[in-house]
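J.: Before we start, here is the structure in question, set down as structure tokens.
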């Protein structure tokens, strides 16, 4: 059946009818030239088919790809599926025999002649599958897969690297990054290219430079041997004509205390332009020097064409957690809007040395608020406002790039999850508008001094508290609480999660068995087993991060005034906003008349030639919406079975334009259900 679908469409190939790449195309524009669905009829959209992957619960954040009428996607446990794009009928399913956990945002397609392949990640492995059958291709790597832990200059058995966002294809190369731990020990975030046929490593770019390489002097001289991360986890874009791959990178480990990485730390927090054929650096821009705030680039770049002085300029747009858009000439990295370097406070922590200056673009204006003040606190109720005011006066709120200190929490606004997030931006080449959704609520945190010694508690504070907090309260739903972990998992299950990772949490394979046992014992019972010095796996840094804390009122709503999430349309030709609207609601507040507050949202927009912006993303209302791309007017909305915390896709099959979203939930309140259902919409009765 699948072979027949491929054969039926080979004459039209991938000329705008498909969605063959994560992000829609190699440029990452999330744009489709399809226009069967437009302003006049979008309100008539109906469910065309659904496909329950029956592999939940879970939240994999997948944007499927569609090639010649076949939809390729993932289940919550990272099985690969192929569906008939017109009917949703399952054509095949690949089960590697191991259950994956956490985000897995798409797969990769490549073809040459009669050779059609799907590349998919599970844990540290990348599999090459026959696109027609779903069977592993024996000639790729070892038994059809490669192990991303190999070739990084570290012991593969003691490191963790996982693909959450897929790689990207350039000719016969599969170019990948990977998610790594955000505290040491962590592997380096090398960008690597593999031969799509054999799995052989063709080139590697060191994001932590080795001796003699550009940027080596921005680190301590031996940092390349012990430091880690500076990794690409958000995805990439490729200029196929120029042969350039654009790679945004994350922060270096450890995220919040950099005494062992004094310097600017190239190529952490960078947008890097590499020769896609060789891996040679062409140009780079560092958005945060010596990052102490986990302010890495969170989104794939978007390749755009803009007008300057009456001429068309090919550019690359990069959004940030701070809520900014950078725009560069693709060929040489020249900023197309001015970038200003401001001076910011130093760090009060002994051993730390914050960068003296940091860059911010002069235009466009930020799409998220930058400074929390008393007049921006919630007025949802008088009691909530008074609580927020009292709490705010205990905090340090001075805007961007203020280093954390011991004993007093600092406001991060927008929060640690943005601003922009991993869903990416959409670009309309006809209007020059960039569409980006944003979170717009404050978080807080601080630093604490480690007390030394080796024990189950100290291992928790060193390895776990930076996310789950000193008191194990977490920051639900993104970071679960561990206060009652014993009621949810037995010791063996908890040990497995710590070793292998789960959700957004990386694994900790470097922990020795004695450390793991003591850590599990402390988390399950509070019993603090002391370890001998030679049993301790990693020497703790002098200072540690105390956790990601959302600034929420006592009822669990953001302590800042709305909007708490927005959708923005920015004209990249001028740097001006075409429109800005709240995105999302809390259903219980809307019922009381508090509508259009916006909410946290994860997953991005797409835009079509029909003049429609489609986006789900919102955490609490489970809505999938369509907006007029020129005005931001809501044209259609529907309620999904679970929140659609993913980016949709659109394609044509059997003469009909479909819009599909993967609804899994996972970002709402703890009581909200999760699942794994692909839902495709189309106009009723449309045929070729």
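J.: Which peptide among 414-425, 134-145 comes first, and what is the full order, when sorted by highest mean count of other Cβ atoms within 10 Å?
T.: 414-425, 134-145
J.: Which order do the peptides 69-76, 274-281 come out in when sorted by mean C-beta neighbours inside 10 angstrom, highest first? Show your work: numbers first, answer last.
T.: Numbers: 69-76: 26.6, 274-281: 18.0.
Highest-to-lowest ranking by the protection proxy: 69-76, 274-281.
J.: Next up: Per DSSP H run of at least 4 residues, take -39500 (n - 2.57); add these up for the chain, divide by its residues and hand me the 222 nm value, nearest 500 deg cm²/dmol.
T.: -2500 deg cm²/dmol, from helical runs alone.
J.: I would also like to ask the following. Quick check: residue separation of residue 373 and residue 390 times 0.36 nm, minus the Cα distance between them. What number comes out in nm?
T.: 4.9 nm
J.: Subtracting the Cα-Cα distance from 0.36 nm times the residue separation, let me have the gained length for residue 493 to residue 356 in nm, one decimal. Intermediate values should be presented prior to the final figure.
T.: Working: separation 137, 0.36 × 137 = 49.32 nm, distance 4.54 nm.
Using 0.36 nm per residue and subtracting the Cα-Cα distance, I get 44.8 nm.
J.: Students often get this wrong: which residues of segment 156-178 have the backbone nitrogen under 16 Å from the point 7 angstrom along Cα-to-C-beta of residue 115?
T.: 169-175
J.: Once R0 is set to 35 Å, what does the formula 1/(1 + (r/R0)^6) return for the Cβ-Cβ distance between residue 405 and residue 591, expressed as a FRET efficiency to the nearest 0.05?
T.: Approximately 0.25, to the nearest 0.05.
J.: List the relative contact order of segment 323-405 as a percent without decimals, with contacts defined as Cα pairs under 8 Å and 6+ residues apart. Please list the in-between numbers first.
T.: Values: 99 pairs, mean separation 26.0, N = 83.
Averaging sequence separation for qualifying contacts and normalising by length gives 31 percent for segment 323-405.
J.: Sort 385, 116 so that the residue with the fewest other Cβ atoms within 10 Å of its own Cβ comes first and the one with the most comes last. If you can, show how the numbers build up before the last one.
T.: Values: 385 17, 116 20.
Neighbour counts put them in this order, fewest first: 385, 116.
J.: What percent do you get for the relative contact order of segment 176-224 when only Cα pairs under 8 Å and 6+ apart count?
T.: 26
J.: Hey, fewest Cβ within 10 Å first, where do 62, 462 land in order? Before the final figure, lay out the partial values.
T.: Working: 62 29, 462 23.
In increasing order of surrounding Cβ atoms, one gets 462, 62.
J.: Highest mean first, what order results for 293-301, 211-219 on Cβ atoms within 10 Å?
T.: With the highest mean Cβ count within 10 Å placed first, the list reads 293-301, 211-219.
J.: With a Förster radius of 22 Å, plug the Cβ-Cβ distance of residue 448 and residue 512 into 1/(1 + (r/R0)^6) and report the FRET value to the nearest 0.05.
T.: Working: r = 24 Å, r/R0 = 1.11.
After rounding, the FRET efficiency stands at 0.35.
J.: Label 7 Å along Cα→Cβ of residue 483; segment 544-569 residues with amide nitrogen under 14 Å?
T.: 554-556
J.: If R0 is 41 Å, what FRET efficiency do you get for residue 38 and residue 278 from their C-beta distance, rounded to 0.05? Could you put the intermediate results ahead of the total?
T.: Numbers: r = 44 Å, r/R0 = 1.06.
For R0 = 41 Å, the calculated efficiency reads 0.40.
J.: Moving on to the next point. In what order do 251, 473, 60, 15 fall by count of nearby beta-carbon atoms within 10 Å, going from fewest to most?
T.: Values: 251 25, 473 15, 60 28, 15 8.
Exposure proxy ranking, most exposed first: 15, 473, 251, 60.
J.: What relative contact order, as a whole-number percentage, does the chain give when Cα pairs under 8 Å and 6 or more residues apart are counted?
T.: 14
J.: If you average the alpha carbon positions of segment 323-383 and of segment 23-100, how far apart do those two centres end up, in angstrom?
T.: If you average the Cα positions of each part, the centres end up 36 Å apart.
J.: If you consider only alpha-carbon coordinates, what radius of gyration and Dmax does segment 366-511 have, in Å?
T.: According to the Cα coordinates of segment 366-511, Rg and Dmax are 19.1, 62 Å.
J.: Using 0.36 nm per residue, how much length does the chain from residue 259 to residue 311 gain when fully extended, once their Cα-Cα distance is taken away?
T.: 14.0 nm
Here, each number is a calculation from the coordinates, and none is a lab measurement. Computed from a predicted model, the values in this text were never measured in an experiment. Please note: Cβ atoms are built from the backbone with ideal geometry, for glycine as well, and neighbour counts cover all protein chains shown.
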